[in-house]
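> Pasting a structure below so you can have a look.
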């Protein structure tokens, strides 16, 4: 599993497209649910998952416990890694770095920001490769 992280419109998608010939994109920005990866991952392609902050939001209604939400996403990452090994195809997570800047006033917005940061840490720990992207440039961190 690989992680590509950076700010909004920093060039993350472009970097991923340059590195992977054929991709199966599962994007929250296109209305996909995170669970859609199972049906949308075409054989012989790299699975790309983006929109994590969008996928976190519904979890806030299911649980008041941030640690439980974090565990749920960490378990998903483990499942993805296992499936990546079975299929012998790559998985790339594209995550938005929303931890910089002004802290939101609204409680739920702060929770999304915090949980996104924690699952970003979990993804970085589990990923075999981590790249940070800004201004269309990529730096390998791991």
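The values are calculated or read from the model by the stated rules, or taken from the named source; none is laboratory data. Everything numeric here is computed off the predicted structure, so don't read it as measured data. Here Cβ is always computed from backbone atoms with ideal geometry, including for glycine, and neighbour counts include all displayed protein chains.
> Just to verify a result, which residue in the range 36-62, among those that are part of a loop (DSSP other than H, G, I, E, B), touching a helix residue (DSSP H, G or I) at 6+ places or on another chain (Cβ under 8 Å) and on the phi < 0 side of the Ramachandran plot, is surrounded by the fewest Cβ atoms within 10 Å (Cβ to Cβ)?
Across the range 36-62, the extreme among qualifying residues is 43.
> Which one is surrounded by the most Cβ atoms within 10 Å (Cβ to Cβ) among residues in the range 17-26 that are out of contact with any helix residue (DSSP H, G or I) (no Cβ under 9 Å at 6 or more places or on another chain) and over 18 Å from residue 81 (Cβ atoms)?
19
> Consider residue 41 against the criteria (1) at pLDDT 95 or above; (2) within 20 Å of residue 108 (Cα to Cα): it satisfies all of them except one. Which criterion is unmet?
Only one criterion is unmet by residue 41, namely (2).
> If you don't mind, there's one more thing I want to ask. Tell me whether the range 73-85 contains one or more residues that are part of a helix (DSSP H, G or I), touching a strand residue (DSSP E or B) at 6+ places or on another chain (Cβ under 8 Å) and either modelled with pLDDT under 95 or over 21 Å from residue 36 (Cβ atoms) (or both).
no
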